[in-house]
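To start, the structure under review is shown below, and the notes come after it.
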Amino acid sequence: MAINEDLLWDAARRETPIGPRLRRTAVTAGCTGLFAVMLWTYPGATWAVCAAVAYVLAEFGYRVWDRRRLVEAKIIDGGADGRPKLRIRQAGGRTTEHDPGQVARVLIIHDNVVDSAKLRLRLRGKRTFFGRPGRSPALTTWRSTCPSARVQERSARWGMPGVPD
């Protein structure tokens, strides 16, 4: 990291764990095959096949959504114009640069159970970026970097089951 770069968000886990998802998808595909055999034998078992197919589609949708999650946000030099840029890197490897003045909202959500936080970053006129869980960043850096943004933090609205909040 260069001296002129400020790290604003760093996810605890940057890579996408493919192994566990592939195992779950393979088990579900095997169950779907078993239920298809059952369907030939017992015509009333269509609900089981539909449930297995729905699970496979949900796993695929989650994988697509997770690849778009934010894993790193940092401020870098703008180069020739001298204005700083906000560089955002997503889990799928896509990197984009934005003007820090375009940041509308930064919300840090602290977990009630483990020492981690989640990031919600909204740019003006664009979609919201959802960050993978990571260490809680300093809000003063966000406030000084993005002065027109509404920077907030809050605790999660749920707790551990059986433990009063």
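Give, in nm to one decimal, the length gained when the segment between C31 and E97 is fully stretched (0.36 nm per residue of separation minus the Cα-Cα distance).
Stretched out fully, the C31 to E97 stretch lengthens by 19.3 nm.
Work out how much length A54 to R157 would gain on full extension: take 0.36 nm times their residue separation and subtract the Cα-Cα distance, in nm to one decimal.
34.2 nm
On a full-extension model of 0.36 nm per residue, what is the gain between D66 and D111, subtracting their alpha-carbon distance, rounded to one decimal in nm?
Stretched out fully, the D66 to D111 stretch lengthens by 14.3 nm.
Among the trypsin sites (Lys or Arg not before Pro) within the range 95-126, which fall in a DSSP loop and have no more than 14 other Cβ atoms within 10 Å of their own Cβ?
Loop-located and lightly packed - R124, K126.
So what's the back-of-envelope 222 nm ellipticity for the chain, counting only DSSP H runs of four-plus at -39500 (n - 2.57) apiece and dividing by all residues, rounded to 500?
That comes out to -11000 deg cm²/dmol.
Could you give the semi-axes, largest first, of the ellipsoid that matches the range 33-130, computed as the square roots of 5 times the alpha carbon gyration tensor eigenvalues and rounded to whole Å?
44, 16, 11
Assuming a ≥ b ≥ c are the square roots of the Cα gyration tensor eigenvalues, decide whether the range 85-163 counts as rounded (a/c under 1.5), prolate (otherwise, with a/b larger than b/c) or oblate.
Cα axes put the range 85-163 in the prolate bin.
For helix 46-67, what angle does its Cα long axis make with the longest principal axis of the chain, in degrees from 0 to 90 and rounded to 10?
20
Using a 1.4 Å probe on the protein heavy atoms only, what accessible surface does D6 show? Give it in Å² to the nearest 10.
80
Given 5 Å bins starting at zero, what is the percent of C-alpha pairs of the chain in each, up to the one with the largest pair distance?
Per 5 Å bin, starting at 0, the Cα pair percentages come out as 2, 8, 13, 15, 14, 12, 10, 8, 7, 5, 3, 2, 1, 0, 0.
At a 1.4 Å probe radius, carbon and sulfur cover how many percent of the accessible area of the chain?
Carbon-and-sulfur percentage of accessible area, whole number: 59.
Before I look further, what does the chain give for accessible area per residue, probe 1.4 Å, in whole square angstrom?
About 62 Å² of surface per residue is accessible.
Round to the nearest 10 and give me the degree value, 0 to 90, for the angle of helix 18-41's Cα axis relative to the longest principal axis of the chain.
That helix lies at roughly 30 degrees to the long axis.
The values are calculated or read from the model by the stated rules, or taken from the named source; none is laboratory data. Since the structure is predicted, the reported quantities are computational estimates derived from the model, not experimental observations. Using ideal geometry, Cβ is built from the backbone for each residue, glycine included, and neighbour counts are taken over all protein chains shown. The accessibility values were calculated without ligands, DNA or RNA, using every heavy atom of the protein model including side chains. Shrake-Rupley method; radii C 1.70, N 1.55, O 1.52, S 1.80 Å.
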